[in-house]
1. Between B:Glu378 and B:Asp53, what FRET efficiency comes out of the Förster formula 1/(1 + (r/R0)^6) with R0 = 45 Å and r the beta carbon distance, rounded to 0.05?
2. What is the distance in Å between the Cα centroid of the range B:278-328 and that of the range B:497-568?
3. Using a 10 angstrom cutoff on alpha carbons, build the Gaussian network for chain A and name the most mobile of A:Ile263, A:Ile168, A:Ile283.
4. What ranking do B:59-65, B:179-185 get when scored by the average of other Cβ atoms within 10 Å per residue, highest first?
5. Please compare each pair in B:Lys240/B:Lys478; A:Lys58/A:Lys86; A:Lys165/A:Lys306; A:Lys271/B:Lys478 to a cut-off of 23 Å on the Cα-Cα distance and tell me which ones are over it.
6. What Kirkwood hydrodynamic radius, in Å, does chain B give when the mean of 1/r is taken over all pairs of distinct Cα atoms and then inverted?
7. How much space per residue, in cubic angstrom, does the convex hull of the C-alpha atoms of the range B:61-208 take up?
8. What residue among A:Asp160, A:Asp43, A:Asp144 shows peak mean-square fluctuation when chain A is described by a Gaussian network model with Cα springs under 10 Å?
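Read the figures in this text as sums done on the coordinates, not as results from a lab. Please read these numbers as outputs of a predicted model, since none were measured by experiment. Note that each Cβ is placed from the backbone with ideal geometry, even for glycine, and that neighbours are counted across all protein chains shown.
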Amino acid sequence: MAAKVLSSVLDDQARVPLVEFPPQDLLEIIEGLTVEMLASLMDATDLKADTQEPKIRKIAEWALEYGLASVCVNPVEVDFLPPLLKGSQVKECYVLDFPLGKSSLESKRRQAAETVDKSRELRGEGPGQVELDMVINVGRFKKDPEYTRAEIEAVVDGADGELVKVIIRSGELTEEEIVRACSLVKEAGADFVKNSTGMDVMGATPEHLWLMRETVGPHFGVKAAGGISDAMTVVRLIYAAAREPELRDPLRFRIGTSAPLTILSTMDWIKAHPQGWVETRVIPCTICPHGQTSNQRREVREIYIKRCRTCPFRRYREDKDF
Amino acid sequence: MERGGYHGKVLRVDLTTGEVTTESLDEILARDYVGGRGLGSAILWNELSPRTDALSPQNKLILATGPLNGTGAALSSRYEIVTKSPLTNTILSANSGGRFPIALKRTGFDVVIVQGAAPKPCYLWVDDERAELRDASSLWGLDTHQTTERLLEATSPQASVACIGPAGELGVLYASVMNDMDRAAGRGGAGCVMGAKNLKAIVVQGTHKTPVANLEGFQEARKAALTMISEAPLTKNALKEYGTAVLINIINQFGALPTRNFQEGYFPDADSVSGETLKELLYEGSAGCATCAVACGRATRTTHRSGEGPEYETMWALGPDCGVKDLELIAEANYNCNELGFDSISAGNTIACAMELWERGYLDAPTMDSIRAELGGELRFGNGQAVLKATELIGRNEGFGQMLGEGSLRLASRFGHPELSMSVKGLELPAYDPRGFRSMGLAYATSTRGGCHLRAYFIGPEALATPYAVDRFGSEGKAALVILYQDLSAAIDSLGLCMFTIFALSPEHYASLLSTVTGEPLDGKQLLTIGERIWNLERLFNLREGFTKKDDALPPRFSQETLPRGHSKNQVVDLEPLLEEYYRLRGWDVDGVPTKDKLAQLGLRRS
C-alpha cells in the first residue's frame, strides 16, 4: 500500500503528505503489536540541556521495568548510566556531536571511542551494550557527500563494533538528498539511519521514514525520532517503515521518544477499541510537516508548503492557531 | 469478607423509625458492580419500586464508596450519592471529592443506605461503625458552611461533614449535597431528596483501613499510575496551574463555549473569566482533595467574601452562558451556590434560559414586574448583578427564585417555550456546545442522568488531544468511542477515583489498581464489561421509569440553528444517524431497549 501511495516518490506533482492510512492496514498492525513488542522498539530519550541525574535514573527505571530497547542520553551521562543497566537487556545509547554534527572527523571518532571505552569499563559486560547516535554535518553533506562518508566511517571505527545510528536531519534535506544520505549511511558501515535529532526543524514524518526504508531496504535499521508521543503515531510510522512484521525488531526498527510510558498507555487505549480509533481518524498533526517548516531552507520549505495546500486535514490548523 | 477493597458492611438508616442497622455487603453485587456509582445503582435498582416519587419517603439515598477509597491510590477520594432524581426522574449518581469519601470509608462501612423520612430535622453521626441519629432542629436554615462548623464542634474536629443548605431544605430541585464546605455532589438534586427526608447532614470519621489483597502488586500499580499522572500534560501542568477554568479560553477558541443560553459559541470577553485571569485576580491557593497530586480546586477571595472556585462549569454557567464577564460577581454567585447548597450548572443555565425568555418577550407582564422588583433591574444577558441576586433567591426559594429552582425545563414550559430549555431529560447541559463537539451531542443525548459531560468526557479527544486528537466534526467511529468512554467512566466512578485520571491513565491502569486491591485477576476489557453492565443497568432503570427513545434527544436549537461565529460557525448536529449506530453497537433494539441477548451476556434482567 505504501508503495502505491508514494510510488511517484520523487515526483512532487499532485502529492499530499502521507497523513492518511488505510484503516485495515492499521488494524492489522495494531492486532500484531503487543505492548511488550512496542516497548522493545523504544529508545527512552532525554537530551535536554537542563536534565539532571535523577531524571536519567527515572528513565532507566522505566526502561528496566517495561523492557525498553535503550536509554538514550548525552555522552556525559556515561559516568553513571552503565551500572544502572548492568545485568539487563537494556542498552545504553549515547548521542554524539549533538545536535548540530559540526565537530571535526577526529573529534567524532574520539568521542565515540571514549564513550564506548568508559561504558565497557563501568558496565563490565563486554561489547554489545552500547549504541551511538551520531549526527552528520548537513552543511558539508550538501556540497561534499564524501565528507559525510568519512564522518560515518570515523565513528564506526571509534565505536569498535558497537551499533551506530546515523542522524541525517531529514527535515533539512530534499527528498533526493534523503535518498543519497541513506545510501551513504549504509555504504559507510553504520547500522541504522535515523531521521532527526528531535531538535531540528522537523520531527518524524511517515513519508520521510517510508523513503528511508525504501532506500536502505529491509535488512538495515531505521529509527524514527522527533515529536513521537503517542501510540497511533507509532502505528503510522510502523506502517511507513516497518510494515512487514519481521521488520518490527529492535535491530531493524526503532522509535526515539521522551514519552515511552505515554506511548504504552495510549496503546492500551487503542487496544480497548481498535476499530473505533482507526475509523475516527485520529488527527495526524503530530506527523504533519505543516507548522514545522518555519526554519527550513527555502528549497525544502517549499516542498511541504505546496503539499499542505492539498492536505485533507488542512482545516485542523484553525483549531491549532492559538 | 475476604476480598480486598471492602469492609463488607452496609449501614442502613431508617429515618422514619429511627432504626440504624448493619448488614453484610452482598459480595456478588460488589464483584459485579465494584462500588460507588455501580454498586449504588445496583442497590437502588433492587430496592426501589418503579415510579416512586423521588421526594417521597420511599426514595432511597445511597452513599457508596469505592474499593480504592482509603488505599492511598492517587486521586482516590471520590464517592457517589445514588438516588432517583427529583429534577429528572432518572437514576441519579452524583459524585464528589474532598476529604469526606475517605472519611466515610474509614468508618468501616462501604455503603450507607438512607430510607424513610424523619419526623423532624436530624443528622447522622457515624464514628467507627457506631452510628446514631441526632436532632438537627437548631441547624435547620443554616447554610452549608455554618452547618459544617457547628457539626464539627458538636462531634469531632477530625470528622468530615456532608450536608445540605437552605436550598435542599426548601425543595430546590437541583439542590446539592455539600461536603467539606465547598465540595459538591452537585447534579440532579440529591440535596433535595435529603431535605425531603429531613436529613440535614451526615458526619463521619473512623480508623478502619481499607484492606489490600496484594500489597506489593498494588504498590507497583499505584506507582505506575502516579507516574502517569505526574507526566501527563493536563494533570502535570494545566489543571494544576490554572484549575479547571483553564478550559474557558480553550473551548472558546473552538467556538464551542455556549454563550447567552447556547445562542452562540464564542464569548468575546472569555479571557476576563478565564482560569488565567482568575489566578491573577482572585487566587489564594490550590485546594485539592485528599490523595490528589493535581489539586485543581482554587481557594479564592473577592473584595467582600472568600471560598472555593468557581470551577470551569460554574464559571461558564454563571458567566458566558448568562453573558456575564464580571469575574467577582461570578465568584460571589458561585459562593452563594456552595453556601446555600445548589448546583451551579443548573442554576446558571436556568437563569440564562430565563434571560432568553425575557429578551424574546415570552414572560408575562406581572412576572416581569415582580422580577424587576426582586432583582433591581431587567433580567437581560450581561446583567451580572441580576445573576448574583438570582442565586440568592434560588437558594432561599423566594420570589422568582421558586420558578428558577425548578430548573429550566419546567420554567420554559411554564411560559410555553420548552425549546428554550437547554437540557436533556430535564438536566441542564454543561459547558460544551455539541455543535462544536459532535460526540458530546451523542454523549448528552444518551447520558443516563440527563445532560451531563461526565458520563463520557469526549472533550479529551475532541478538544484536548487526550489520548488522541480526533476530528471534532466527524461522525465515523464516534458512536463506538462514546460507548468506550461511557463504560470506562462508569467504572472509574465505581472505583472511587477522580474522572481527571482519564487524562493520564488507560483502561489497563485502572484494572491493575482494582485487581491488586481485590486480589482477583482483571484486565482492561473485563473492567470495561463491568462498566457496560453498570451502563445497561442505569438504562434499564430509566426504561422502568417510563423513559423512551424520544428522551434520547437534544434541544431543537442544536439541529435547527447554526452557530453564528467562531471556529464552529455554521455547524448543526445531526443526531439520528449517530444514535442509530449507538443503539446497534450497544446491542439495543431500534427503540433503545437492551436486547435479551445483551442482558444475558451482562447477567442482567429487565425486572
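1. Here the calculated transfer efficiency is 0.75.
2. Taking the Cα centre of the range B:497-568 as reference, the centre of the range B:278-328 is 27 Å away.
3. A:Ile283
4. Those peptides, ordered most packed to least, come out B:59-65, B:179-185.
5. The answer is B:Lys240/B:Lys478; A:Lys165/A:Lys306.
6. That comes to 23.7 Å for chain B.
7. Details: hull volume 13.8 nm³, N = 148.
Taking only Cα atoms, the range B:61-208 has a hull volume of 93 Å³ per residue.
8. Taking springs between Cα atoms under 10 Å, the residue moving most is A:Asp144.
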